[in-house]
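Reading through the structure tokens given below for one structure.
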Amino acid sequence: MIKFLRRTFRRKKRPVFTKNNLSNTGHHIPAPANVKKHFKAVVVLLDGADVSIDIPKTSNGDYLFNKIIDYHREIPHSEAGYFGLQYMDQFSVPHWLDQNKKVKKQLKIGPPFTLHFRLKFYPSEPNLLKDDYTRYQVFLQVKQDLLLRDRLADAPYNTAIELAALSLQSELGNFDASIHTPYYLSEFRFIHESKQTETFELDTLDLYQTHSGKTPAQAELEFLNKAKWLEMYGVDTHEVIAKDGQKYDLGLTPTGVLLYERLSSGGRKKIGLFFWNKIKKLNFESKLLKLCVAEELADGNERVHTFNFQTVSQKACKHLWKCAVEHHQFFRLKSQTNGNVKSGRFGVRTSSRFGFKGPTEAQLTVSNNAFKRSSTGTFARRPSKRYSRRASFSNFKTTKNDKIDKKSRIQQANESLGMVSHSHTNLVARDRSFNNYMNDSLNPKSAVKENIRFEVKI
């Protein structure tokens with residue numbers, strides 16, 4: 001009995017943070033000196049670095065968010081409202097950290113608890129951002145979206161190579177023929193790996209030469225001004241099920257709610273748009289989301305249509321509803337709401353108390369008028385992740401402008417290596433069985449001996 005009591009009620013040892021359990025970059029934010037009870041969380045930043053932080057057990061989400069903003073230093077608080085901290089629950093549903101609730105009650109997977117610093121609201125006009133570092137963070141987020149199949153991977157070819165060339169100008173500076181060869185640039189990833197072909201990289205290299213003389217800040221601003229016209233720019237998609245049993249995607253945008261049909265090829269087709277000013281009611285019950293949209297008739301009257309969408313779980317439905325409310329209030333309202341909810345009979349609350357409590361886009365724009373624009377852009381930019389180089393580009397010692405010569409040399413190099421594909425995926429040798437290909441994929445060391453490249457998906 002005594003052993004049982006000792007094992008049950010003994011005091012737990014406080015974790016000791018050493019170099020082994022800190023972040024991979026070694027950055028750590030300790031808790032205040034007068035705080036004894038705290039827990040550890042790791043925040044992954046947009047540039048790939050991560051920061052470990054000790055969070056007091058009784059602190060709200062605004063404590064963690066403000067600590068991350070202070071860690072960046074260059075992000076002004078007047079533009080911090082575009083960003084947020086995202087985490088996953090036990091059902092793999094992403095959630096935004098509520099700054100008015102306790103952090104400990106929101107995070108379920110851990111310790112250590114992992115969050116991602118992301119762009120929550122995409123600015124509808126990047127020129128309104130006054131600070132270069134804020135635009136740089138938005139630039140990093142859009143670059144990540146280009147790598148994802150369900151985000152911006154379906155960008156038109158010409159737009160994609162323009163964005164890739166501008167990202168090279170931002171990171172590498174002016175073009176240097178002795179360094180920036182096709183073999184060197186094949187280390188970078190600009191778009192989803194299934195679409196980044198050899199021809200794509202060669203066209204990007206040719207276009208990259210035309211941007212010489214632009215500063216990183218100028219290249220990033222031009223990058224964002226082109227990316228904002230993409231169809232999926234800033235669209236927050238959520239999977240729903242309609243009455244016919246088919247799966248659709250609801251996309252939250254600054255103008256309204258988009259409805260996408262899922263194609264058998266894996267893509268999306270836009271079939272509807274509900275403007276925010278036409279949405280009269282938006283609520284949810286269990287797994288069902290109800291959307292009431294008004295239609296203007298020829299006689300000047302309105303007819304209200306009700307659309308019902310079902311989600312996979314109640315958690316997912318509530319998350320979709322919260323995101324829709326936040327998008328509506330951030331982009332449509334001129335000032336934040338007070339969040340007061342009327343009570344029903346006998347003082348019983350009959351509706352949710354949830355409401356967007358941060359600054360709206362209109363408030364951020366007004367507050368930025370008094371902020372002095374940073375035109376130097378002298379802050380440190382972190383290099384992007386690099387990958388193995390193309391074997392077919394190893395013969396390119398210098399850069400040439402003759403595309404026909406390049407493509408013929410690529411074809412000859414691929415034939416000598418026994419390759420049948422030009423993209424970064426499915427680089428399968430011709431004379432191999434499927435089993436040997438799978439074994440080499442699981443053991444990349446064996447594939448390196450034959451100078452054949454197998455990429456790991458991003």
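A short reminder: the numbers here are calculations on the coordinates, not readings from a lab. All of these numbers come straight from a predicted model, not from anything done at the bench. Methodologically, a virtual Cβ is constructed for each residue, glycine included, from the backbone with ideal geometry; neighbour enumeration extends over all protein chains shown.
Worth a mention:
- Per-residue HN-Hα couplings for segment 250-263 [Karplus 6.51, -1.76, 1.60; θ = phi - 60°; Hz; x = Gly/Pro]: 9, x, 8, 10, x, 8, x, 10, 8, 10, 10, 9, 7, 8
- Net charge dipole, segment 110-213: roughly 500 debye, given to the nearest 20, about the Cα centre with Cβ charges of +1 for Lys and Arg and -1 for Asp and Glu.
- Principal axes of segment 236-334: Cα extent on each, largest first, Å: 40, 28, 23
- In order through segment 173-183: 3J(HN,Hα) via Karplus (6.51 cos²θ - 1.76 cosθ + 1.60), integer Hz, x for Gly, Pro: x, 5, 5, 10, 4, 6, 10, 8, 8, x, 5
- Residue exposure sequence - V293, V138, V35 - by fewest surrounding Cβ within 10 Å: V35, V293, V138
- When the pairs K243/K318; K130/K195; K195/K243; K130/K226 are compared against a 29 Å limit on Cα-Cα distance, K130/K195; K195/K243 fall above it.
- Given +1 at the Cβ of Lys and Arg, -1 at the Cβ of Asp and Glu and no other charges, the dipole of segment 75-151 around its Cα centre is 360 debye to the nearest 20.
- Restricting segment 48-134 to chymotrypsin sites (Phe, Trp or Tyr not before Pro) that sit in a DSSP loop and have at most 14 other Cβ atoms within 10 Å of their own Cβ leaves F91.
- Restriction of the chymotrypsin sites (Phe, Trp or Tyr not before Pro) in segment 256-312 to DSSP coil positions whose beta-carbon has at most 15 other beta-carbons within 10 angstrom yields no sites.
- Peptides 144-156, 319-331 ordered by average Cβ neighbours within 10 Å, highest first: 319-331, 144-156
- Computed over neighbours whose Cβ is under 14 Å from that of C292, the net charge equals +2, Lys and Arg +1, Asp and Glu -1.
- Chymotrypsin sites (Phe, Trp or Tyr not before Pro) restricted to segment 212-249 and DSSP loop, no more than 11 other C-beta within 10 Å: W229
- The value of relative contact order for segment 209-288, using C-alpha pairs under 8 Å at least six residues apart, is 15 percent.
- Surrounding net charge for L45, when Lys and Arg each add one and Asp and Glu each subtract one, Cβ distance under 11 Å: 0
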